[in-house]
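Participant: The structure is given below, and queries will be raised subsequently.
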Amino acid sequence: MSIVNTSNNISDGLRGKQATESLLAEVRLTPKPGLVDRCDSGSHSDMNLALMESSALSLELMFKRIANISMNKHPSQYLRERIAEIGRKGEVEMLHATGGVNTHKGAIWALGLLTAASVFLTPFVKNSRDVCRLAAELARFPDDCYQGNRDTNGIKVQKQYNVDGAKGEATNGFPHIINIGLPMLQNTRMQGFSENTAQLYTLFAIMAELDDTCILYRGGYSALTIVKKRASKIIEHNKLNWNELKRLNKEMIEMGVSPGGSADLLAATLFLDKIENQ
Ligand SMILES: CC(C)(COP(=O)(O)OP(=O)(O)OC[C@H]1O[C@@H](n2cnc3c(N)ncnc32)[C@H](O)[C@@H]1O)[C@@H](O)C(=O)NCCC(=O)NCCS
Ligand SMILES: Nc1ncnc2c1ncn2[C@@H]1O[C@H](COP(=O)(O)OP(=O)(O)OP(=O)(O)O)[C@@H](O)[C@H]1O
């Protein structure tokens with residue numbers, strides 16, 4: 001398989017558009033347990049589909065800025081700090097667009113790094129493994145300039161439960177995308193499932209394995225164990241188990257938990273798939 005795009009006609013605007021389209025595809029995918037989708041707002045009383053869509057659209061310019069500054073560069077401390085600045089500004093713009101609701105913080109992180117890595121070298125890297133490897137190199141540079149809050153929900157539960165969280169996923173090269181998300185998306189498409197069903201299989205495959213700090217923070221280890229077990233049951237046969245899916249949605253709403261990290265990694269999987277197939 002070719003690992004480079006020899007056409008060289010990638011623009012920062014194209015990457016901004018692809019990142020935003022991936023966020024829109026994720027939020028519109030239905031039915032997703034605990035998450036905002038076309039049917040309901042899952043476990044999120046402060047979000048709905050229109051809010052998520054406005055949030056995604058507000059981020060297009062930020063992804064474009066990240067692509068612009070990263071074009072033809074290599075991972076470096078300098079670039080890490082510039083991209084962190086742009087990402088944090090993007091978080092502020094997101095909060096402005098949503099009236100203060102954290103709709104896409106984890107997605108800004110994952111897609112921001114992947115957007116940067118996808119335009120690093122000329123000819124541009126197109127293979128997902130290479131994009132994730134370069135994004136991990138960038139994520140591993142220290143985030144030294146930041147003087148703000150380091151007491152996030154994610155950091156609290158990472159310490160408490162000794163799990164990797166969003167930062168570890170990136171510094172490890174996005175293993176849940178490379179080893180789980182992309183293979184599941186490709187296999188289910190090859191088996192002839194509809195695009196919607198292929199993307200649902202992909203989400204549940206990620207949920208079955210990910211230590212999602214959103215779930216841990218709100219529901220603890222017991223909720224994470226239940227979610228992983230149920231997600232794997234939904235996809236255990238060659239046909240989605242719709243009864244199990246409905247049951248999980250109900251249970252997640254009752255527990256007040258949502259797989260926000262898995263949703264972010266689904267959006268990132270769709271973004272890499274777009275790049276490989278463009
Ligand atoms: C690393 C980030 C996500 C903070 O993570 P942290 O674990 O401290 O915090 P927080 O709980 O606030 O957010 C984590 C979010 O990540 C997602 N997530 C949760 N678990 C996981 C997981 N296992 N894997 C991937 N994503 C996950 C969820 O959406 C969650 O809401 C990030 O906000 C950050 O440090 N940004 C700095 C700006 C920057 O460097 N940007 C560069 C790219 S734009
Ligand atoms: N469709 C979706 N519905 C809900 N959340 C989503 C969706 N897609 C992605 N997410 C992710 O889930 C995270 C929001 O989940 P949650 O509200 O539990 O976050 P938190 O950071 O733990 O909490 P807080 O809102 O208190 O800051 C966002 O950062 C976002 O990236």
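The values are calculated or read from the model by the stated rules, or taken from the named source; none is laboratory data. Treat the numbers as computed from the prediction; the structure is a model and nothing was measured. FYI the Cβ positions are ideal-geometry reconstructions off the backbone, even for glycines, and counts take in every protein chain you see. Heads up: the accessible areas ignore ligands, DNA and RNA and are worked out on the full protein's heavy atoms, side chains in. Shrake-Rupley method; radii C 1.70, N 1.55, O 1.52, S 1.80 Å.
Participant: Semi-axes of the stretch 143-224's equivalent ellipsoid from the Cα gyration tensor, sqrt of 5 times each eigenvalue, largest first, rounded to whole Å?
Facilitator: Over the Cα atoms of the stretch 143-224, the semi-axes work out to 30, 15, 10 Å.
Participant: Any idea what the alpha-carbon Rg over 2.2 N^0.38 Å comes to for the stretch 1-110?
Facilitator: After normalising by residue count via 2.2 N^0.38 Å, the value is 1.19.
Participant: Taking square-rooted eigenvalues a ≥ b ≥ c of the alpha carbon gyration tensor, is the stretch 118-261 rounded, prolate or oblate, where a/c under 1.5 means rounded and, failing that, a/b exceeding b/c means prolate? Could you put the intermediate results ahead of the total?
Facilitator: On the way: a/c = 2.86, a/b = 1.15, b/c = 2.49.
It is oblate, given that a/c is not under 1.5 and a/b is not larger than b/c.
Participant: Further question: Keeping all protein chains in place and using 1.4 angstrom, which order do Lys105, Lys159 fall into by accessible surface area, from largest down? Could the numbers behind the result be given before it?
Facilitator: Numbers: Lys105 85, Lys159 155 Å².
Largest accessible area first, the list is Lys159, Lys105.
Participant: If you bin every alpha carbon distance in the stretch 56-200 into 5 Å steps from zero, what whole percent lands in each bin?
Facilitator: Per 5 Å bin, starting at zero, the Cα-Cα P(r) for the stretch 56-200 comes out as 2, 9, 16, 19, 20, 17, 11, 5, 1, 0 percent.
Participant: Where a ≥ b ≥ c are the square roots of the eigenvalues of the C-alpha gyration tensor, would you call the stretch 200-278 rounded, which needs a/c under 1.5, or, failing that, prolate if a/b is larger than b/c, or oblate? Show your work: numbers first, answer last.
Facilitator: Details: a/c = 2.37, a/b = 1.37, b/c = 1.73.
Note, shape of the stretch 200-278 comes out oblate.
Participant: Okay, moving on. Relative contact order of the chain: what whole-number percent is it, with Cα pairs under 8 angstrom and at least 6 residues apart?
Facilitator: Once normalised by length, the contact order is 23 percent.
Participant: Kindly write out, for the stretch 90-96 in residue order, the coupling ³J(HN,Hα) from the Karplus curve 6.51 cos²θ - 1.76 cosθ + 1.60 (θ = phi - 60°), rounded to whole Hz, with x marking Gly and Pro.
Facilitator: Couplings: x, 4, 5, 5, 4, 5, 5 Hz.
Participant: Return the long-range amide H neighbours of Val125 (sequence gap of 5 or more, or a different chain), with a cut-off of under 5 Å between placed amide H atoms.
Facilitator: Sorted by chain and number, the residues that satisfy this are Phe120.
Participant: Also, I was wondering about something else. I want to verify the translational diffusion coefficient of the chain in µm²/s; compute it with Stokes-Einstein, Rh as the Kirkwood radius over Cα pairs, at 37 °C and 0.692 mPa s. Please report the intermediate quantities before stating the final value.
Facilitator: Details: Rh = 18.7 Å.
Reported coefficient: 175 µm²/s.
Participant: Just to confirm, what accessible area per residue do you get for the stretch 164-278 at 1.4 Å probe, in whole Å²?
Facilitator: 43
Participant: If packing is taken as the mean number of other Cβ atoms within 10 Å per residue, what is the order of 238-246, 265-273, 46-54, highest first?
Facilitator: Listed from highest to lowest mean packing, they are 265-273, 46-54, 238-246.
Participant: In whole Hz, what ³J(HN,Hα) sequence does the stretch 180-197 give by Karplus (6.51, -1.76, 1.60; θ = phi - 60°), x for Gly and Pro?
Facilitator: My calculation for the stretch 180-197 gives 10, x, 5, x, 5, 4, 5, 5, 5, 5, 4, 6, x, 5, 5, 4, 4, 5 Hz in order.
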